[in-house]
1. Considering only the range 118-152, state which residues are without any contact (Cβ under 8 Å) to a residue 60 or more places away in the chain, in contact with a strand residue (DSSP E or B) (Cβ under 9 Å, 6 or more places away or on another chain), among the charged types (D, E, K, R) and closer than 30 Å to THR181 by Cβ.
2. Would you pick out the residues in the range 104-121 that are open to solvent by 40 Å² or more (accessible area, probe 1.4 Å), under 12 Å from LEU133 (Cβ atoms) and assigned to a strand (DSSP E or B)?
3. Given SER264, SER222, which one is outside any strand (DSSP E or B) and farther than 26 Å from GLY134 by Cβ?
4. Can you pull out every residue in the range 222-235 that is surrounded by 14 or more Cβ atoms within 10 Å (Cβ to Cβ) and either in contact with a Pro (Cβ under 7 Å, 6 or more places away or on another chain) or closer than 15 Å to PHE47 by Cα (or both)?
5. For the range 275-292, enumerate the residues that are closer than 15 Å to GLU157 by Cα, in a loop (DSSP other than H, G, I, E, B) and either open to solvent by 100 Å² or more (accessible area, probe 1.4 Å) or touching a residue at least 60 places away in the same chain (Cβ under 8 Å) (or both).
6. I'm trying to understand the selection: among the residues of the range 1-20, which are touching a residue at least 40 places away in the same chain (Cβ under 8 Å) and either under 21 Å from ASN96 (Cβ atoms) or open to solvent by 20 Å² or more (accessible area, probe 1.4 Å) (or both)?
7. All but one of (1) open to solvent by less than 50 Å² (accessible area, probe 1.4 Å); (2) within 18 Å of the chain's Cα centre (by Cα) hold for GLU218; which doesn't?
Amino acid sequence: MKIGIVQQSNTVSVEHNKLKLAENIRTAAKLGAQLVVLQELHNSLYFCQTEDTEIFNLAEPIPGPSTAFYSDLAKENNIVLVTSLFERRTAGIYHNTAVVFDIDGSMAGKYRKMHIPDDPAYYEKFYFTPGDLGFEPINTSLGRLGVLVCWDQWYPEAARAMALKGAEILIYPTAIGWESTDTEAEKERQQTAWITVQRGHAVANGLPVVAVNRTGYEPDPSGQTNGIQFWGTSFVAGPQGELLYKAPADKDVIEIIDVDMKRSEDVRRIWPFFRDRRIDAFNDLLKRFADD
């Protein structure tokens, strides 16, 4: 499968960001992409650096204007397209939602982000209700996509749940970066951990992994922090965790990566982790902490 990743910097203009994305999607398709993956909350700046009720005005219903926009792009370019939208479900209930479109422009499915962080400059619990659709792969004409979102990528349980439901690839739209006061050593540790944990999901589940992050600097509107320098470094790993591609940290990127989707079968034959799982001994995984 030829996978196109679009890593880009954003501006305050939603319209400008969408037009830039449209051109980048068209470019990826012209380069041969069959599946195109966008970064998390790609229509706007990463607005969770501060808590502001006016920001909820950015949210849209699904289906809505943005789904119509990206549906047309998927159909026009004959691609499967993975998007990431700020969903307004009803007054007071909003989600961080990935929406997948098939080659005919139809909505193949959606996933609502399950794990919601609440850290300095990442105040997502203020904006997003935790997902309630579970870990369900999305069926497309290219296969079953295990789509998760950003903070989900730190949880092996989420990757495993998608794999157990038959996902053929794990996909993570992402928005993560550095706060400027972090030391260079700490920045390196954070970025290395981010890549390593996701490569571990590939190994543990025998599946390719696609992580698409944003790049560029975005200031903190509140002035409480020095803003976020998003670290880019979008990457694709094979089912043994091998890096097939890694983007630079500080550049907009449109890249096509050819992934052999048949390798998962061979890898799972030599490393039959699913066969050897001790499911009779995993009850403690359903507890917050096994202190009893």
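1. Correct list: LYS125, ASP152.
2. LYS110
3. SER222
4. THR225, ASN226, GLY227, ILE228, GLN229, PHE230, GLY232
5. Matches in the range 275-292: ARG278, ARG288, PHE289.
6. Within the range 1-20, MET1, LYS2, ILE5, VAL6, GLN7, GLN8, SER9, ASN10, VAL14, LYS18 meet the criteria.
7. Among (1) open to solvent by less than 50 Å² (accessible area, probe 1.4 Å); (2) within 18 Å of the chain's Cα centre (by Cα), the lone unmet condition for GLU218 is (2).
The values are calculated or read from the model by the stated rules, or taken from the named source; none is laboratory data. Just so it is clear, the structure is predicted and the values come from calculations on it, not from any experiment. Virtual Cβ from ideal backbone geometry, glycine too; neighbours counted across all protein chains shown. The protein model used for the area step is the full one, side chains on, heavy atoms only, and it has no ligands, DNA or RNA in it. Shrake-Rupley method; radii C 1.70, N 1.55, O 1.52, S 1.80 Å.
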